[in-house]
Amino acid sequence: MSTPRARRSGATWAIAGGVVLVSAVVAIIISAILSQRDSTPSPPAPTEPSTSSTAEPSTDSAEFVDSSVTEKGWAPEPITTDREEYIAAALEAASTFDTTLSTREEWLDYLDTWFTPDTRYAEADRAARMKASQVELRQGVVLPTEQWESLLIEEGRVVAVATGDVAFVSVTEDASGDMSIGTSDVTLTFARSDGGDGETSYDETVRVSVQVLCGAGSVPTPGSAQQAGDCKVVRYFTEPLEP
């Protein structure tokens, strides 16, 4: 027969054992939770935008045939089907140059790249007709050789800006309807060395006409982003044409 003291001792050990058991169960549960948390994969880190060679091309390459010609003092040829925009640019190009950055012949060779054959003529005659238009530009439209050489002595340059609205003239015998003749005022700003560290400048206004083709028959500049249908020059006129 157990004594009261023995019963109290047994109860104490029973309680202690229960506490140990509960603690062990809690430890197992916590361990399981931590183990599950550790095994859960963490979300992937955000990736940086790709900078590979598949990036979009610059808009500059799609706006002009060759924008680098400005480094020679020339006006770049736009890539466009907008006849008014192109006519203004073509009129400016025919009087924009820098005698210190290029020769007259280099500049004129560059202007030749703006031309396309006149589709009103038979194919066999188109190359000769285009050559005649380029000769007309050299001899009767752009700054004569003598004036170029005078500017060259004074390290001169000219920047042309179309300053008026373009007046359109119909093109005879153009069955395609893709040709236009545009006439506009163009302001020429001449800059010359003053013989010292500065320069003098003055403006002249001229009125010029150019014929362009903005249709399927236009021939793009080789190696450029131009496409058939983009505007090209057919002919510059020695005298302005009015409606």
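Within the range 184-196, being open to solvent by less than 40 Å² (accessible area, probe 1.4 Å) and under 18 Å from Tyr236 (Cα atoms) holds for Ser184, Val186, Thr187, Leu188.
Scanning the range 193-243 for residues that are farther than 27 Å from Val65 by Cβ and either under 22 Å from the mean Cα position of the chain (by Cα) or part of a strand (DSSP E or B) (or both) yields a count of 8. Elements of the type helices (runs of 4 or more DSSP H) sitting completely within the range 78-162 and holding at least 2 residues that are touching a helix residue (DSSP H, G or I) at 6+ places or on another chain (Cβ under 6 Å): these cover 104-112, 123-140. In the range 116-123 there is at least one residue that is more than 23 Å from Ala88 (Cβ to Cβ) and surrounded by fewer than 14 Cβ atoms within 10 Å (Cβ to Cβ).
Exactly one residue out of Glu92, Glu136, Glu146, Glu199 is in contact (Cβ under 8 Å) with a residue 60 or more places away in the chain and surrounded by fewer than 17 Cβ atoms within 10 Å (Cβ to Cβ), and it is Glu136. Hey, any hits in the range 204-224 for a residue that's open to solvent by 70 Å² or more (accessible area, probe 1.4 Å) and among the aliphatic types (A, V, I, L, M)? Checking the range 204-224: at least one residue is open to solvent by 70 Å² or more (accessible area, probe 1.4 Å) and among the aliphatic types (A, V, I, L, M).
The set of residues in the range 154-177 being open to solvent by less than 50 Å² (accessible area, probe 1.4 Å) and either closer than 20 Å to Thr116 by Cβ or modelled with pLDDT under 95 (or both) consists of Gly164, Val166, Val169, Val171, Asp174.
The values are calculated or read from the model by the stated rules, or taken from the named source; none is laboratory data. Remember, it's a predicted structure, so these values are computed and weren't measured experimentally. Virtual Cβ from ideal backbone geometry, glycine too; neighbours counted across all protein chains shown. Remember, those area values only see protein heavy atoms, side chains included, never the ligands or the DNA or RNA. Shrake-Rupley method; radii C 1.70, N 1.55, O 1.52, S 1.80 Å.
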